[in-house]
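A short write-up of the structure that comes next.
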Number of protein chains: 4
Amino acid sequence: MSEATAISPPVSRLERIVEDERFRRTILFLIVINAVLLGFETSRTLSPGTMDSIMFANKAILGVFVVELILRISAYRLDFFRDGWNLFDFAIITVALIAPSGAFQVVRALRILRAFRLVSTVTSLRRVVEGLLGAIPGIASVLFLLVLVLYIAGVMSTILFRDVAPENFGHLGISLFSLFQIMTLEGWAEIATGVMAEYEWAWIFFIGYILVATFLVLNLVIGVVVSSIQSRIESESAINMAAETQLVMKELAEIREDIRLLREESRSRRN
Amino acid sequence: MSEATAISPPVSRLERIVEDERFRRTILFLIVINAVLLGFETSRTLSPGTMDSIMFANKAILGVFVVELILRISAYRLDFFRDGWNLFDFAIITVALIAPSGAFQVVRALRILRAFRLVSTVTSLRRVVEGLLGAIPGIASVLFLLVLVLYIAGVMSTILFRDVAPENFGHLGISLFSLFQIMTLEGWAEIATGVMAEYEWAWIFFIGYILVATFLVLNLVIGVVVSSIQSRIESESAINMAAETQLVMKELAEIREDIRLLREESRSRRN
Amino acid sequence: MSEATAISPPVSRLERIVEDERFRRTILFLIVINAVLLGFETSRTLSPGTMDSIMFANKAILGVFVVELILRISAYRLDFFRDGWNLFDFAIITVALIAPSGAFQVVRALRILRAFRLVSTVTSLRRVVEGLLGAIPGIASVLFLLVLVLYIAGVMSTILFRDVAPENFGHLGISLFSLFQIMTLEGWAEIATGVMAEYEWAWIFFIGYILVATFLVLNLVIGVVVSSIQSRIESESAINMAAETQLVMKELAEIREDIRLLREESRSRRN
Amino acid sequence: MSEATAISPPVSRLERIVEDERFRRTILFLIVINAVLLGFETSRTLSPGTMDSIMFANKAILGVFVVELILRISAYRLDFFRDGWNLFDFAIITVALIAPSGAFQVVRALRILRAFRLVSTVTSLRRVVEGLLGAIPGIASVLFLLVLVLYIAGVMSTILFRDVAPENFGHLGISLFSLFQIMTLEGWAEIATGVMAEYEWAWIFFIGYILVATFLVLNLVIGVVVSSIQSRIESESAINMAAETQLVMKELAEIREDIRLLREESRSRRN
């Protein structure tokens, strides 16, 4: 939003409203209230009257959100859709509007995603999420390797073990789920011993897969750690180093000035 | 305590007693004895006589602690309550005094918290705990994001799965517990497959939640690691760098001195 | 490959073909198609006709791979076998050629390993894998220690617990599997309590083993982290430092030039 | 050993033997053979004849070890006992000598500890183990905090939950084992839900304990990582920095030389 205003200096009245701190705080307050009420709504011990009030309040708040979104779109027009966070808000509100029309639980459950607007509304949280997402490109190739290993192990385990352990390796989808589970090291021994009861050599597959998968996960973690440490520590150490270098450079500049004076004196004496 | 004395130079007789090293060591010794005896008290193979002796000893030690606390409060008066660790001691002793009056196990169990006075009494342990707590502000925003994700996933899973798996997602409280459990990767596959037996698509929710939650936990860990490494390694590397720069600066100072001498000689020759 | 061409400047016509970007992209495309089709092949809901088409396509693609390999070997001759990745491709294709002749599932399952040719064909993935493998020599001695601890704990647990818990410690092989499982902390408590029902002191063995094994695993992880951070962060910080030093060195060079000029002027005046 | 010889320059004939590279390699070879044979001894499919041969070989090798130890003690006398690794060897051999006399499995199982002599015999492995142990002092205070938390939680949980879940919290010893298990996050949910069936509020204890315990474990890990990174990376970066500083210092020295020459010329001209 701030960038949009930077581009278009003559700030319209609408923009002044949506950029107003009190306006933003009100929206923030309503997001929190909405999240809490959606939590209460899951309770089954509430009286029908209370439940009706909560549902009415949620609808009213959604109404405010819709108005806010329309105001912001009117204010920035096409610029609005150039910011990822605005698109995020737009998608959330759209889902929220569709939600009540659907009778399905899945659609109703998605309404709580509105609480994520907390992140898009509070600048410091936006920064944190942008920082977290910023680590992903650095780990993309290791992530791809991990998915490749998962896929290859999935096809292999389906062919090898589907008749022995159909509940874990019955088809490619189940195999991938089981291999993801093994990657988290949760209950892997149970799956492995089940297969090993029939094929004794299967430990080679499982232990090999665990070693490769956890090594790749470790390298994913390292990728995130390194990108995080690089951006945080290095900036500081660069500042430290620059300060020291400036000290040296200042001293050198004074030496050059001394030598310049010396030459001038030398020349003036000559003439 | 040391700060309090720094503020009020004329040290009273009471202060000299409570600051005395022998006094502190005695209290430390009693804390350890008390902790060990409270451990013995849990045993059910002790004779009633031994048990009575232990309980008497614990009461006597508590009496000493109360006297010590009164002495320290008398010595520092209001300054006493300005130090977080003093408040910690005060709260522990207060709980210990209330504890025997209550017949409930919960209140009796809290008495062992007195052993934490080891931390407030030994300066090096206080430093360590202060260091550990010092890492928390740096991770506050990621922690908030994690709690937000937990809450949103909690509401969603309650709405979606409460009829299928009431033992895990029956109401918001149970859902949050189950999601915390899934975050620790303990037994997550069992919960997930239970739900997936009814809703096949539920793997999207569970694997999505695991990826997001573990990524946030990883970033919490990175936050702690970075704040810890920053405070430890950087200070040393700054010292190293400063030493090198000083070497260079000393050399530069001597060069300037040489040039100054050169100019003086040059001037003296001129005259 | 690129190194081989660097050695032999007069590039043959064959080499120009196998180095051609379009040629490589075609092979890459076929690798991906092949991997996807081998995944489909695991499905049991496909009609026999579709299955026949898939199997025919896979055979045709394998034929292309064989031709590609022969072209590359003809182009580089003995140099071909000097590159690890070429040997990798050679082994994969050889296994793929043997696979259909075997009626066994194991041999059929190995065909999907062809998908790993994605790694040997895409240069950026090769770099990543080379980077990952590059961390291994640095952790070799800790890895050896871990294997030694595993072996010693394996022999000890077999002697001690084989009569109490034959399903976990019946012979050395099973013991090693159980100890690897305990090292991943998966279901260790179940194994331990099973043994402790008979031998109460067994907790010393299990908790001792867990502490030692996880400490060694932690040091393996640190080894990988350090080697990764060294190669990534240090190179950048070296560049930063070099830039600063160059700034200082340039200034020093100009000072020397100033002094040289001063001496020349001084001399010219003398004459 | 090398230090001992450094102290006593006139090397005796015995010392020359035990320091001989061929002597050490022979011992190393016997340690490996011994470890492998002790592994074979656990097999129950060996013929009695083979088993007898193996046991005879093991006894013979133990004999060689005893002779080697006597030679080394004779060579260095009291200096022998000043090296921690020598004491380690001495303890291992002593246990091995006592082992066969005991009829108990425990004593027999301890014989495989001889394989750890690989570490004390190979210098590079000794260095690695010394490095690993070197990280422990740095984490001592956090380790103490963790043990304190474990003890306090142990006493509390015994008092609170012993009647509800005697299999996990029946007495202080079992409680400590259960809390160690919960700390590894293995099966913690099962223990917690067992207790929570009776006391609903128990989740506060378990989740609080998990948060505190894993935070302390994380700080243990950080302690090891930091001490490891400090010793490895910093030494290198210090070398890099020193190299750069030397470059600058060399340039500065030449500038001083230039100025010195200038002053000399200036003086010679004056006279």
Is it true that A:ARG77 is farther than 22 Å from B:TYR151 by Cα, part of a helix (DSSP H, G or I) and within 25 Å of the chain's Cα centre (by Cα)?
no
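Could you grab me the full set of residues in segment B:13-48 that are of a type in the set (S, T, N, Q) and either under 23 Å from B:SER120 (Cβ atoms) or assigned to a helix (DSSP H, G or I) (or both)?
B:THR26, B:ASN34
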Filter segment C:106-115 for residues that are more than 7 Å from every other protein chain (Cβ to nearest Cβ) and free of Cβ contacts under 8 Å to residues at least 60 places away in the same chain; the one that is surrounded by the fewest Cβ atoms within 10 Å (Cβ to Cβ) is C:VAL107
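Listed here are the residues, each with its yes/no results for (1) modelled with pLDDT of 85 or more; (2) polar (S, T, N, Q); (3) in contact with a helix residue (DSSP H, G or I) (Cβ under 7 Å, 6 or more places away or on another chain).
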| site | (1), (2), (3) |
| --- | --- |
| B:VAL18 | no, no, yes |
| B:PHE29 | yes, no, no |
| B:GLY39 | yes, no, yes |
| B:THR50 | yes, yes, no |
| B:ALA60 | yes, no, no |
| B:GLY63 | yes, no, no |
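For A:ALA60, are the conditions met, namely being in a helix (DSSP H, G or I) and over 25 Å from the mean Cα position of the chain (by Cα)? Steps first, please.
Working: in a helix (DSSP H, G or I): yes; over 25 Å from the mean Cα position of the chain (by Cα): yes.
Taking the combined requirement at face value, the residue satisfies it.
Looking at A:PHE65, A:PHE56 in this structure, which one is among the aromatic types (Phe, Trp, Tyr) and more than 30 Å from B:ALA140 (Cβ to Cβ)?
Numbers: A:PHE65 fails: more than 30 Å from B:ALA140 (Cβ to Cβ).
So the residue among A:PHE65, A:PHE56 that is among the aromatic types (Phe, Trp, Tyr) and more than 30 Å from B:ALA140 (Cβ to Cβ) is A:PHE56.
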Looking for something small (Gly, Ala, Ser) and surrounded by 13 or more Cβ atoms within 10 Å (Cβ to Cβ) - is there at least one such residue anywhere in segment B:60-71? no
From the option list B:ARG126, B:ARG162, B:ARG114, single residue qualifying as charged (D, E, K, R) and within 30 Å of A:ALA115 (Cα to Cα) is B:ARG162
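Select from segment B:191-210 the residues that are within 10 Å of chain A (Cβ to nearest Cβ) and surrounded by fewer than 18 Cβ atoms within 10 Å (Cβ to Cβ) and write down the one among them that is nearest to A:LEU132 (Cα to Cα).
Here is the first cut: in segment B:191-210, the ones within 10 Å of chain A (Cβ to nearest Cβ) are B:192-193, B:196, B:199-201, B:203, B:205-207, B:210.
With the extra rule that they be surrounded by fewer than 18 Cβ atoms within 10 Å (Cβ to Cβ), the set shrinks to B:199-201, B:207.
Working: B:TYR199: 31, B:GLU200: 30, B:TRP201: 27, B:ILE207: 19 Å.
Checking each candidate, the answer is B:ILE207.
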Residue pairs qualifying under the 8 Å Cβ cut-off, at least six apart or on distinct chains, with the first in segment B:26-42 being within 15 Å of D:HIS171 (Cα to Cα) and the second being among the basic types (Lys, Arg), are B:LEU38/B:ARG111; B:LEU38/B:ARG114; B:THR42/D:ARG162
By residue number, the members of segment D:158-178 that are hydroxyl-bearing (Ser, Thr, Tyr) and within 18 Å of D:THR214 (Cα to Cα) are D:SER175, D:SER178
Requested in this report: Assess whether C:ALA135 counts as being touching a residue at least 12 places away in the same chain (Cβ under 8 Å) and either in contact with an Asp or Glu (Cβ under 9 Å, 6 or more places away or on another chain) or at negative phi (or both).
Outcome: yes
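Within segment A:115-136, restricting attention to residues that are among the β-branched types (Val, Ile, Thr) and in a helix (DSSP H, G or I), which residue is nearest to A:MET183 (Cα to Cα)?
Our first condition is that a residue be among the β-branched types (Val, Ile, Thr); within segment A:115-136, this holds for A:119, A:121-123, A:128-129, A:136.
Imposing the further condition that a residue be in a helix (DSSP H, G or I) reduces the set to A:119, A:121, A:123, A:128-129, A:136.
Values: A:VAL119: 31, A:THR121: 36, A:THR123: 35, A:VAL128: 28, A:VAL129: 26, A:ILE136: 20 Å.
If we take residues in segment A:115-136 being among the β-branched types (Val, Ile, Thr) and in a helix (DSSP H, G or I), then A:ILE136 is nearest to A:MET183 (Cα to Cα).
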Those residues of segment C:248-270 which are modelled with pLDDT of 75 or more, in contact with a Lys or Arg (Cβ under 7 Å, 6 or more places away or on another chain) and facing chain D (nearest Cβ under 7 Å) amount to C:ILE255, C:LEU262
For segment A:72-99, the count of residues that are without any contact (Cβ under 8 Å) to a residue 40 or more places away in the chain and of a type outside the set (Lys, Arg) equals 17
Of (1) closer than 19 Å to C:LEU150 by Cβ; (2) modelled with pLDDT under 85, C:GLU234 fails just (1)
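Regarding segment B:129-138, can at least one residue be identified that is within 14 Å of chain A (Cβ to nearest Cβ), more than 20 Å from the chain's Cα centre (by Cα) and surrounded by 15 or more Cβ atoms within 10 Å (Cβ to Cβ)? If you could, list the steps in order and put the result at the bottom.
Taking segment B:129-138 as the starting set, the residues that turn out to be within 14 Å of chain A (Cβ to nearest Cβ) are B:135, B:137-138.
Next, only the ones that are more than 20 Å from the chain's Cα centre (by Cα) stay: none.
No: segment B:129-138 contains no residue that is within 14 Å of chain A (Cβ to nearest Cβ), more than 20 Å from the chain's Cα centre (by Cα) and surrounded by 15 or more Cβ atoms within 10 Å (Cβ to Cβ).
When you look at D:THR214, is it within 29 Å of the chain's Cα centre (by Cα), facing another protein chain (nearest Cβ under 9 Å) and either more than 24 Å from C:TYR209 (Cβ to Cβ) or without any contact (Cβ under 8 Å) to a residue 40 or more places away in the chain (or both), yes or no?
Details: within 29 Å of the chain's Cα centre (by Cα): yes; facing another protein chain (nearest Cβ under 9 Å): yes; either more than 24 Å from C:TYR209 (Cβ to Cβ) or without any contact (Cβ under 8 Å) to a residue 40 or more places away in the chain (or both): yes.
So D:THR214 fits the description; yes.
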Residues in segment B:145-161 that are without any contact (Cβ under 8 Å) to a residue 12 or more places away in the chain and within 10 Å of chain A (Cβ to nearest Cβ) total 3
Output yes when any residue across segment D:73-80 is over 30 Å from C:TRP201 (Cβ atoms), of a type in the set (S, T, N, Q) and at pLDDT 85 or above, and no when none is. yes
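The values are calculated or read from the model by the stated rules, or taken from the named source; none is laboratory data. Quantities reported herein were computed from a predicted structural model and do not represent experimental measurements. Heads up, the Cβs are rebuilt from the backbone with ideal geometry, glycines too, and the neighbour counts pull from every protein chain shown.
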